[in-house]
Each structure stands twice: as C-alpha cells, then as structure tokens.
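Heads up, the thing below is written out as structure tokens.
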Amino acid sequence: MVSSKKQAEISEQKILSALLKKSPQTYTELLQTTKMSSRTLHKALHRLEEQGKVLRKIEISGKYPPPVLYNLTEEGKKSLTLRGIIEAYSLGVPKDTLLKVMLEKVKEPEKKIDEFKAFLEILDILGPERANTLIDFFDTPLHTLKTPLIFSMEEIKKLLQIFMRYEPYRTELKNLLGIQEPQKGKTS
C-alpha cells in the first residue's frame, strides 16, 4: 500500500509531466492527460500552486465560466523527479526537452550529460508503454513487482551497447564481466 504522502508526490509528478508536455492546459485537459480523479487533481494542483511549481491563470475570453489555465513554472521543471521524467517520456515529451530539464537540475551538467543520454536511450529501447514499468521500481520492493521488465536478446544487446559507450557504465560493466583492459606500452 502506498502512503498518502507518496501518493500525493506521484500525483504532483503526473501533473508536472503533463504540463512539461503542453503548457498551459485547462483543468479538463489535465484530467484527461493524467487520468486522475477530479478531487485528486484539484488537491494536487492546489499544493503545486502554493509551492510555486504551477501558475494558475484565469483567461479573459468572454466565455462563462472563464477558462482557467495552468502553466508549469521554472520551479516546477526543477522539481521533476526521475519518476516525472519517465512519466513525461511516456506522454511523448521530446527527448531534447527531457535532457535539458535533467541537465538544469545538476550542478555540473557537463559531467552528467552522457549518463542522461544513456538513460534516455534506455527509455527508447523500452518504448513509452514499457518505460512506465520502470516507475514500479521506485515504489515497489523488487520481490512484489507485478510487472517485471523482460528484455529480448536484441534489447539486451542494445542495452549493453549503450552501457559500453558511456563512462562510468563502461568501466562498471567491464569490471562486472571481468574484462581486463590491455595495458599500454606492454607487449607480451
């Protein structure tokens, strides 16, 4: 069972992800995108507004009632977690947008760019539908997962190719497999 605090965080990340894909959105659009109940969406939007992560604006259009639009703020972008990034990916947010958001969150982005690119390539291998199964790993103990990630041999080959291209994964993978680098300057 997920705690109410964790459930609130999950709801907030869904909203932030939806607004990263398209901002502004109306309440009705957010209901459709996030597939939340009206009550859950209302409470989460209120919390996000109070935290400065979402900006609520009433559009003056002559319509009654006037449409209420919700925009993602810079603070909202910065508060996207890995869960939110995966959620945004599965909603179809472009990878370059996701990479930019991830790089803005770290102190030394030049040191993280390869790691983030590798992560986005892994999401591509999984595809939007299966990428959501990764979210289970953040909320569920491994032994109770209902939807295990199953990879085909082709997917495993692609994943290994990604890991071999990027440091520090290459070194970790070589150590795991017991692969020794030939020492430069030594001949046998």
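In the list G52, G92, which residue meets the criterion of being small (G, A, S), surrounded by fewer than 14 Cβ atoms within 10 Å (Cβ to Cβ) and in contact with a Ser or Thr (Cβ under 7 Å, 6 or more places away or on another chain)?
Details: G92 fails: in contact with a Ser or Thr (Cβ under 7 Å, 6 or more places away or on another chain).
Residue meeting the stated conditions: G52.
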- In the stretch 31-42, is there at least one residue being crowded, with 17+ Cβ neighbours inside 10 Å and in contact with a Gly (Cβ under 9 Å, 6 or more places away or on another chain)? no
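Quick check: is even one residue across the stretch 65-80 within 18 Å of S17 (Cβ to Cβ) and free of Cβ contacts under 8 Å to residues at least 24 places away in the same chain? Explain how you work it out, then say what you get.
If we filter the stretch 65-80 for residues that are within 18 Å of S17 (Cβ to Cβ), which is where we start, we get 69-80.
Retained after the next criterion (residues that are free of Cβ contacts under 8 Å to residues at least 24 places away in the same chain): 73-74.
Yes; the residues of the stretch 65-80 include at least one that is within 18 Å of S17 (Cβ to Cβ) and free of Cβ contacts under 8 Å to residues at least 24 places away in the same chain.
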- Note on the structure: Taking the stretch 47-72 and keeping residues among the polar types (S, T, N, Q), part of a loop (DSSP other than H, G, I, E, B) and either under 26 Å from the mean Cα position of the chain (by Cα) or not assigned by TED's automatic domain parsing to the domain that holds A8 (or both) leaves Q51
- Message: So if I check each of L99, L134, which one is more than 23 Å from S11 (Cβ to Cβ), part of a helix (DSSP H, G or I) and either modelled with pLDDT under 75 or not aromatic (F, W, Y) (or both)?
- Response: L99
- Condition check for P128: within 19 Å of the chain's Cα centre (by Cα) and under 23 Å from Q7 (Cα atoms): yes
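The values are calculated or read from the model by the stated rules, or taken from the named source; none is laboratory data. Since we're looking at a predicted model, the values are computed, not measured. We place every Cβ from the backbone using ideal geometry, glycine too, and count neighbours over all the protein chains shown.
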